[in-house]
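Please read the structure below before turning to the comments.
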Amino acid sequence: MAENNISQHDLFSYRENSYQSDDIITSIDIGSDKIICFIAKVDKILDKEKPRVVGYGYSQSKGMRNGAITNILELEKSIRRAVAEAENLAGVEVKNVSVNISGNYIKTERTFAELIIDGDIINQQHVVEVIDIAKKKFTPNNKKILHVIPSNFIVDNIKNISNPNGISANKLAVKLLFIYGKPTHINNLETIINNSHLKVINFTAKPYVSGLSTLTNEERESGAVCIDIGSGSTSISIFVDGSIVFAKSINIGAWYISSDISKVLSTPFEQAEGLKNLYGSALRGPNDGDIIYQTPLMGGDLSEGSTLSRSKLISIIQPRFYEILMHAKKCIEQSGYFDIAKSNTVITGGGSELIGSVEFSERTLDSRVHIGRPLNINGLNEQISGPVFSSCAGMLIHSILSRKKEMDIQLKEPNFAYKFFQKIMGSGF
């Protein structure tokens, strides 16, 4: 787990009475294919905390399509099923949860501010003041802030200072990354969660938590890109010097691959999904033309169908997988951090499990690529340790970081926490 200095941590993670107990945290990843719920206990070893999953549940996501809510009642039922399954396994009843936001609802904005110090020693008040100046440059109209992260501090033109406190300087500057969502979408999700007799204590952005889960400390420090290919959306995050500097989600994912298979072969969507998962690949092999499968036709009975070679299946999969990666590549190029992607890109999420995905991604992105799975989490068995669970696991890590930040601030000055976050975020958040 990364060290929790001020340059790396989300400043908008404080919530009063955030956790149902000192040692239980719960995350819900609401995807277009699955609803996943993790319940974890917090293991404390010396001065370090680590989440240990004690209960998990997942259900087919109904009422959500490509990141958008299409049926509130069906989505509520799906969430209830996943949470109930996790509660039964954990033997606890949860009340407070973290919820993930993805799709085109995720946007970012960067601001910059400077403060003249005039040779004084930088203290916490200076840090609060320069952050406040940067925060006032954010345009809040129709935006719901999810995370505010100082991507780095600059002291007398020396960049990438992790903690400027105690340094004598003439000038202190900071870059802030605001990750925000669409208020109506977030409000609808909160209503659904409340109707399930749960309370949302934190909304998180999928690009951010996927990166927290799958990237090592060294990767976040040296620079890395995380591409989470979900069912209805693909999330991109970029980390440099231990901090996230870019985040975006786009409404295209692995669901479109299955949809293409279904349309081209005139076969039911569930059958297309099964073909993709069992026999699909992003790369052709020398014998693919000889492998034959039987696929049922749309609207026909199970005895009716057509034959399919694996090469035909791959010819359907490749163009759409290429399109997903090219959209991600365009986002990375626009971010200004493409050189980082070339040296280290991690792909995760259900779409990354396609056979040949790493090799195909390396060719398409012109990057060194590997599969990302949840890291720094205890209690993950084989059933829940795959890439599809990266985002939900990352939410637990974010909760741990938030807990530690709150405790660190309160220990330094018991009455400072509320004032600090009110100063940074304003009383309206």
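Here are the numbers for this structure:
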{"read-out": "Residue tally, condition among the basic types (K, R) and either assigned to a loop (DSSP other than H, G, I, E, B) or touching a helix residue (DSSP H, G or I) at 6+ places or on another chain (Cβ under 8 Å) (or both), over region 89-113", "value": "1"}
{"read-out": "Failed item in (1) part of a helix (DSSP H, G or I); (2) more than 19 Å from the chain's Cα centre (by Cα); (3) of a type in the set (A, V, I, L, M, F, W, C), with I79 passing the rest", "value": "(2)"}
{"read-out": "Meets criteria (over 27 Å from N96 (Cβ atoms), within 25 Å of the chain's Cα centre (by Cα) and crowded, with 18+ Cβ neighbours inside 10 Å) for A134", "value": "yes"}
{"read-out": "Check on I347, within 30 Å of the chain's Cα centre (by Cα), surrounded by 15 or more Cβ atoms within 10 Å (Cβ to Cβ) and in a helix (DSSP H, G or I)", "value": "no"}
{"read-out": "Filter result (in a strand (DSSP E or B) and among the acidic types (D, E)) within region 216-246", "value": "D228"}
{"read-out": "Lone qualifier among I39, I28, I6, I35 - being surrounded by 15 or more Cβ atoms within 10 Å (Cβ to Cβ) and either at pLDDT below 95 or in a helix (DSSP H, G or I) (or both)", "value": "I6"}
{"read-out": "Residues of region 166-185 classified as over 21 Å from N100 (Cα atoms) and assigned to a loop (DSSP other than H, G, I, E, B), total", "value": "4"}
{"read-out": "Answer residue from region 220-237, given it is modelled with pLDDT under 95 and either more than 14 Å from the chain's Cα centre (by Cα) or aliphatic (A, V, I, L, M) (or both) and is surrounded by the fewest Cβ atoms within 10 Å (Cβ to Cβ) among those", "value": "S222"}
{"read-out": "Every residue from region 252-293 that is crowded, with 19+ Cβ neighbours inside 10 Å and in a loop (DSSP other than H, G, I, E, B)", "value": "I252, G253, A254, T267, G280, A282"}
{"read-out": "Within region 370-393, considering residues that are in contact with a Pro (Cβ under 7 Å, 6 or more places away or on another chain) and within 21 Å of T234 (Cβ to Cβ), the one surrounded by the fewest Cβ atoms within 10 Å (Cβ to Cβ)", "value": "I371"}
{"read-out": "Residue among N188, N194, N142, N163 that alone is outside any strand (DSSP E or B) and touching a Pro at 6+ places or on another chain (Cβ under 7 Å)", "value": "N142"}
{"read-out": "Any chance S213 is within 20 Å of the chain's Cα centre (by Cα), modelled with pLDDT of 95 or more, assigned to a strand (DSSP E or B) and not β-branched (V, I, T)", "value": "no"}
{"read-out": "Flag for D120 being loosely packed, with under 15 Cβ neighbours inside 10 Å and assigned by TED's automatic domain parsing to the domain that holds A173", "value": "yes"}
{"read-out": "Single residue of T184, T191, T204 found to be under 24 Å from T345 (Cα atoms) and out of contact with any Lys or Arg (no Cβ under 8 Å at 6 or more places or on another chain)", "value": "T204"}
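Residue-wise test of (1) assigned to a strand (DSSP E or B); (2) more than 29 Å from the chain's Cα centre (by Cα); (3) aliphatic (A, V, I, L, M).
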{"residue": "L308", "(1), (2), (3)": "yes, yes, yes"}
{"residue": "S311", "(1), (2), (3)": "no, yes, no"}
{"residue": "I317", "(1), (2), (3)": "no, no, yes"}
{"residue": "R320", "(1), (2), (3)": "no, no, no"}
{"residue": "L325", "(1), (2), (3)": "no, no, yes"}
{"residue": "A328", "(1), (2), (3)": "no, no, yes"}
{"residue": "C331", "(1), (2), (3)": "no, no, no"}
{"residue": "Q334", "(1), (2), (3)": "no, no, no"}
{"residue": "A341", "(1), (2), (3)": "no, no, yes"}
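The values are calculated or read from the model by the stated rules, or taken from the named source; none is laboratory data. No experiment lies behind these values; they were computed from the predicted model shown. Glycine gets a Cβ as well: all are built from the backbone with ideal geometry, and neighbour counts include every protein chain shown.
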